[in-house]
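The next block holds one structure in the form of structure tokens; read it before the comments.
The values are calculated or read from the model by the stated rules, or taken from the named source; none is laboratory data. What you see is a predicted model, and the numbers here were worked out from it, not measured in a lab. So basically every Cβ, Gly included, is an ideal-geometry build from the backbone, and we count neighbours across all protein chains shown.
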Amino acid sequence: MLPQPDHPHVDVRDLRLETACALVGLDASALPAPGQTPAQFLQEIVDGLCTLSLKDPLTGLANRRHFQAVLDREIDRVARSGEAALLLMLDIDRFKQVNDTHGHIAGDRVLQAVARTLAQCVRPMDTLARYGGEEFAIVMPACQAAFGMVVAERIRRAVAASPVQIDAATRLDVTISIGGAYAMQWIRSSPILWTDRADHQLYLAKAEGRNRVCIEPQPDSTVSAEEKGMLIGPLYTPSGWGDLTAMPPKDNAP
């Protein structure tokens, strides 16, 4: 028989849960609902806190921590499966002017409006995150090179066609610049390298005039059967199968 724990059961009334309850929208004086055990009540609070830890509080999108975890998993998946995946980095054009001219509350409304528009443009399988400041990121699994530019252009046009109502008298036209890069297929890259490549394309989109899309061509990281044989197998010569390391030096004499 397994040994029993020697500590008593925890009474939720003995715990200071005011802050945790407030964060997840529960009454600070709440106790387990009828039919709900203390363990279920505490699990509800824990689940709510976990969800909050992965969300950006202003836009409700995934936050950078969640984005980094998804990026890690996607790189691993592409390296194992060889399927295509696209990373888009998006930046609101001239966002500083919005804050400087209309104030930070207006800037927050622009961020929220752009986030809502972006959320309507992505698939359930995609991960849309607020990367930081006025920058967003989208991880798009199973996005072939033939469709990447089409998808990114659709997103850009959707934002440009959705002016943001700041107040009764102010309506702002907002645009975004987008940079994209495909994951290296069959190769275990890193989140930093993938993000840097997409960021470079975003920089090019800004430098070319903003409100545009720049996507790096999908890198050819596939390995043919012949190349695999040369890399990991023996070499076939007229005299039979041999070892690459045993090849005689090439005679460069005329």
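The listed residues are 142, 115, 161, 169, and the only one of them that is touching a Ser or Thr at 6+ places or on another chain (Cβ under 8 Å), in the same structural domain as residue 80 (by TED's automatic domain parsing) and among the hydrophobic types (A, V, I, L, M, F, W, C) turns out to be 115. If you go through the stretch 120-159 and keep only what is touching a Leu at 6+ places or on another chain (Cβ under 8 Å), charged (D, E, K, R) and surrounded by 19 or more Cβ atoms within 10 Å (Cβ to Cβ), you end up with 130, 134.
Take residue 78 and decide whether it is farther than 19 Å from residue 215 by Cβ and surrounded by 17 or more Cβ atoms within 10 Å (Cβ to Cβ). No: the conditions fail for residue 78. If I filter the stretch 182-189 for residues that are in the same structural domain as residue 138 (by TED's automatic domain parsing), surrounded by 10 or more Cβ atoms within 10 Å (Cβ to Cβ), at pLDDT 55 or above and part of a strand (DSSP E or B), do I get at least one hit? Scanning the stretch 182-189, I find at least one residue that is in the same structural domain as residue 138 (by TED's automatic domain parsing), surrounded by 10 or more Cβ atoms within 10 Å (Cβ to Cβ), at pLDDT 55 or above and part of a strand (DSSP E or B), so the answer is yes.
Restricting attention to the stretch 132-167, the residues being assigned to a strand (DSSP E or B), touching a strand residue (DSSP E or B) at 6+ places or on another chain (Cβ under 9 Å) and farther than 19 Å from residue 212 by Cβ number 5.
Taking residue 171 as meeting all but one of (1) in a strand (DSSP E or B); (2) surrounded by 19 or more Cβ atoms within 10 Å (Cβ to Cβ), write down the number of the exception. Condition not satisfied by residue 171: (2).
Restricting to the stretch 65-96, name every residue that is closer than 20 Å to residue 130 by Cβ and assigned to a helix (DSSP H, G or I). 65, 66, 67, 68, 69, 70, 71, 72, 73, 74, 95, 96 - these are the residues of the stretch 65-96 that are closer than 20 Å to residue 130 by Cβ and assigned to a helix (DSSP H, G or I). When we screen 58, 49, 31, 2 for residues that are at pLDDT 70 or above and either over 18 Å from the mean Cα position of the chain (by Cα) or not in a helix (DSSP H, G or I) (or both), the only hit is 58.
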